[in-house]
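The values are calculated or read from the model by the stated rules, or taken from the named source; none is laboratory data. In this text the structure is predicted, and so the values were computed from the model without any measurement. Note that each Cβ is placed from the backbone with ideal geometry, even for glycine, and that neighbours are counted across all protein chains shown. Calculation scope for accessible area: heavy atoms of the full protein, side chains included, ligands and nucleic acids excluded. Shrake-Rupley method; radii C 1.70, N 1.55, O 1.52, S 1.80 Å.
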Amino acid sequence: MKKKLEVMMIFEGTYPFNGGGVSTWAHILCDKVKNVNYTLYSVNANYEETPKFKLSPSVKKVIQLPMWSPLEPSELNTEDKKYYKIVSRKVKEDEAEVITVFVPLFEKLIDLIFQEQANVNEIDETIFQMWRFFQKYDYKKTMKSLPVWTSFQNTISHVIAQDANYEASLFDFTVAMRWLYRFLLPISIQVPKMDVSHISLSGFPVLPALILKYKYGTPIIATEHGVFIRERLIAINTSEYSFFLKNFLIKFSECITKLAYHKTDIILSVNKFNISWEKLYGANPDKINVVYNGIDHNLFVPAEKPSQLKNIPTVVAAARIFELKDILTMIRSCAVVVKEIPNVSFLIYGDNNAVPAYTKACTNLIKELKLEKNFIFAGHHNNPQKLYCEGDISILTSISEGFPYTVIESMSCGIPVVATDVGGVTEALNEECGIICKPKDHEGIGQSVIKLLKDTELRKKMGVAARERVIAHFTIEKFIRNYEVAYAFAAQAAVSASPNYSTSLLSSAMNK
């Protein structure tokens with residue numbers, strides 16, 4: 001029997017401790033891919049006690065990095081003592097080495113972050129040398145040392161002096177330094193040898209993968225869902241940070257994104273939409289393949305609507321309640337529908353606690369629009385394959401997506417979809433299977449919902465076409481085979497004298 005490949009899959013705030021589309025994707029891979037043993041590297045805000053998912057036997061280990069915990073990884077009381085030992089204290093702290101070796105690297109990184117056209121090879125070399133330093137010296141003591149803080153102040157002050165638009169408070173300085181400290185934490189943590197590393201977004205999770213590449217030459221596969229840098233720009237620009245902090249975080253994120261695309265050997269985008277963003281930030285087109293998400297069409301099947309809902313026009317959604325899903329627009333679209341269909345019911349299944357402040361804004365809007373009886377946060381659904389059949393139609397109002405499972409799962413159940421034109425939505429959903437709307441257009445979304453709820457024949461016709469489209473293009477068998485081929489291809493190429501990860505070669509292997 002052929003030995004399985006060892007793959008480290010790296011996440012940020014998703015699998016296996018939180019739900020959502022990325023977690024669904026990851027859980028399917030862990031359950032179904034046959035030629036791999038997985039180690040999960042999960043970057044979370046704080047240490048998580050229990051996975052949200054029942055892990056497959058193919059998952060051999062879960063490594064956690066609680067990036068924003070008040071305790072360091074080495075200080076947490078966990079069962080994984082062996083792992084946390086390698087996070088903890090190095091042999092010594094030598095202030096002379098910090099000043100002569102680390103501070104120049106640190107200042108170089110800050111300079112590269114603020115350069116308009118930073119050389120990605122210089123970024124790579126700087127991160128590499130910082131990683132080498134932390135193989136010997138302690139991360140916490142170094143990053144919290146007076147020489148590093150002084151160099152940070154001086155370097156940032158010099159940057160501010162060059163631009164009249166800049167000003168920064170002591171608070172800004174401390175927050176920016178805290179970001180650097182937290183986001184760079186993975187370069188101080190050793191990871192076990194792997195055949196392949198697989199990052200779930202082209203951003204800061206690339207750092208553990210870089211360690212594997214620096215140390216063992218391990219190839220990196222990146223699956224691009226919603227484009228990390230695009231979603232980061234949306235989040236930062238709508239935040240309440242100062243101009244300096246917004247600019248710093250944008251430039252830092254862009255710097256890491258360029259490095260991720262530069263060092264990744266294979267990019268498996270879940271849609272074609274992402275490719276323009278990948279190229280914009282330096283991805284080599286020869287590295288890019290599109291692998292659409294797939295589902296089990298024998299599990300997500302048409303079914304009778306529950307008897308208690310049969311006489312109620314019902315719209316269902318599967319969505320975590322947070323900004324990118326734009327639930328506020330969904331609520332406003334419900335208000336449009338209520339004017340013509342007073343007894344309509346919107347059932348929203350998903351995590352209500354992901355962003356409590358946003359959930360509060362949603363509940364306030366529901367009350368303001370007097371929709372308490374029409375718009376319902378229904379929480380977690382125990383049988384997601386039955387969720388969509390509770391509705392006459394399903395809805396998605398996101399402002400950013402990759403290739404949403406909610407769309408193809410609904411289609412597989414024969415339920416037409418009203419969705420916004422974001423990410424790969426139109427690559428899954430065509431005009432025969434549902435209605436595409438502009439993002440944030442609550443009036444247009446509401447009128448589309450009304451149209452489908454009032455036209456039974458159109459709904460039935462679209463439902464049949466939707467399921468046929470899933471069976472033709474988005475089955476789980478094709479999806480899983482493509483990843484099995486990609487892992488084997490990457491691992492085999494890595495051990496050759498002249499590794500070649502060309503997209504044409506990989507595409508050829510997938511199509512055999």
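Setting aside same-chain residues fewer than 8 positions from residue 52, which aspartates and glutamates have a Cα under 20 Å from its Cα?
12, 31, 79, 80, 351
Compute the accessible area per residue over the range 407-512, keeping the other protein chains in place, probe 1.4 Å, unit Å².
On the way: 4730 Å² over 106 residues.
The answer is 45 Å² per residue.
Specify which labelled value, from (i) 27.5, 90; (ii) 24.1, 77; (iii) 31.2, 137, agrees with Rg and Dmax of the Cα atoms in Å derived from the coordinates of the model shown.
Recomputing Rg and Dmax of the Cα atoms in Å here gives the entry labelled (ii).
Considering only protein heavy atoms, with the full assembly of protein chains and a 1.4 angstrom probe, order 459, 481 by accessible area, largest first.
Numbers: 459 40, 481 85 Å².
Largest accessible area first, the residues go 481, 459.
Less than 11 Å Cβ to Cβ from residue 103, Lys/Arg counted +1 and Asp/Glu -1: what total charge do the surrounding residues give? Present the calculation step by step, with values, prior to reporting the outcome.
Numbers: positive: 108; negative: 95, 97, 107.
In short, -2.
In nm, give the distance between the simple-model label positions of residue 370 and residue 116, each being 7 Å from the Cα along the Cα-to-Cβ direction.
That separation, rounded to one decimal, is 5.5 nm.
According to the square roots a ≥ b ≥ c of the eigenvalues of the Cα gyration tensor, what is the shape class of the range 160-294, taking rounded for a/c under 1.5, prolate for a/b larger than b/c otherwise, and oblate for the remainder? Please list the in-between numbers first.
On the way: a/c = 2.48, a/b = 1.50, b/c = 1.65.
Oblate.
If the only charges are +1 at each Lys and Arg Cβ and -1 at each Asp and Glu Cβ, what is the size of the charge dipole of the chain around the Cα centre, to the nearest 20 debye?
Values: 58 positive and 54 negative charges, 262 e Å.
Around 1260 debye, computed over the chain.
Rounding to the nearest 10 and keeping the result within 0 to 90°, find how far the Cα-based axis of helix 206-216 lies from the longest principal axis of the chain.
50 degrees
For the range 193-277, calculate the relative contact order in percent as a whole number, restricting contacts to Cα pairs under 8 Å that are 6 or more residues apart.
On the way: 108 pairs, mean separation 31.2, N = 85.
Relative CO of the range 193-277 lands at 37 percent.
What is the local net charge at residue 264, summed over the other residues whose Cβ is closer than 13 Å to its Cβ (Lys, Arg +1; Asp, Glu -1)? Write down the numbers at each step before the final one.
Details: positive: 213, 258, 263, 287; negative: 124, 224, 265, 278, 286.
Within the 13 Å Cβ shell, the charges total -1.
Less than 9 Å Cβ to Cβ from residue 36, Lys/Arg counted +1 and Asp/Glu -1: what total charge do the surrounding residues give?
Working: positive: 4, 34; negative: 6, 195, 484.
Charge balance near residue 36 sits at -1.
Accessible area per residue for the range 96-218 in Å², computed with a 1.4 Å probe and the full protein assembly in place, what is it? Intermediate values should be presented prior to the final figure.
On the way: 4990 Å² over 123 residues.
Averaged over the residues of the range 96-218, the accessible area is 41 Å².
Let me test this: with uniform point scatterers at the alpha carbons of the range 382-512, what is the Debye-based log₁₀ I(q)/I(0) at q = 0.09, 0.12 1/Å?
Rounded to two decimals, the profile gives -0.36, -0.56.
Which ³J(HN,Hα) values in Hz, rounded to whole numbers, follow from the phi angles of the range 14-21 under the Karplus curve 6.51 cos²θ - 1.76 cosθ + 1.60, where θ = phi - 60° and Gly and Pro get x?
10, 5, x, 9, 9, x, x, x
Ignoring any ligand, DNA or RNA, what whole percent of the accessible area of the range 334-440 comes from carbon and sulfur when the probe is 1.4 angstrom?
On the way: 2140 of 4160 Å².
Roughly 51 percent, rounded to a whole number.
Whose amide H sits under 5 Å from the amide H of residue 5, counting only residues 5 or more places off or on another chain, with H placed in the peptide plane?
Placed amide hydrogens put 36, 37 under 5 Å from residue 5.
Over the range 370-454, what is the relative contact order in percent, taking alpha-carbon pairs closer than 8 angstrom and at least six residues apart?
Values: 108 pairs, mean separation 21.4, N = 85.
After rounding, I find 25 percent.
Considering only protein heavy atoms, with the full assembly of protein chains and a 1.4 angstrom probe, order 24, 264, 50 by accessible area, largest first. Working shown, then result.
Values: 24 40, 264 0, 50 100 Å².
The most accessible residue leads, giving 50, 24, 264.
Give me the lysines in straight-line cross-link reach of residue 246: C-alpha distance below 28 Å, same-chain residues under 8 apart excluded.
Partners within reach: 108, 140, 141, 144, 258, 263, 279, 325, 360, 438, 440.
In percent, what relative contact order does the range 259-409 have, based on Cα pairs under 8 Å that are 6 or more apart in sequence?
Details: 211 pairs, mean separation 45.1, N = 151.
Result for the range 259-409 is 30 percent.
When a/c is below 1.5 the answer is rounded, else prolate if a/b is larger than b/c, else oblate, so apply that to the range 396-472 with a ≥ b ≥ c taken from the square roots of the Cα gyration tensor eigenvalues. It would help to have the intermediate numbers written out before the result.
On the way: a/c = 2.32, a/b = 1.09, b/c = 2.13.
Taking the square roots of the gyration eigenvalues as a ≥ b ≥ c, the range 396-472 is oblate.
With everything on Cα atoms, drop me the angle between helix 120-134 and the longest principal axis of the chain, reported from 0 to 90° to the nearest 10.
70 degrees
Identify all aspartates and glutamates with a Cα-Cα distance to residue 60 below 12 Å; exclude those on the same chain that are fewer than 8 residues away in sequence.
Correct list for residue 60: 6.
Shape verdict for the range 233-383, please, from the Cα gyration tensor: rounded (a/c under 1.5), prolate (a/b greater than b/c) or oblate.
Details: a/c = 3.03, a/b = 1.53, b/c = 1.98.
Taking the square roots of the gyration eigenvalues as a ≥ b ≥ c, the range 233-383 is oblate.
With every protein chain left in place and a probe of 1.4 Å, what is the accessible surface of residue 136, to the nearest 10 Å²?
100 Å²
If amide H atoms are built 1.01 Å from N in the plane of the peptide, which residues on other chains or at least 5 residues away come under 5 Å of the amide H of residue 65?
Under 5 Å from the amide H of residue 65: 42, 43, 44.
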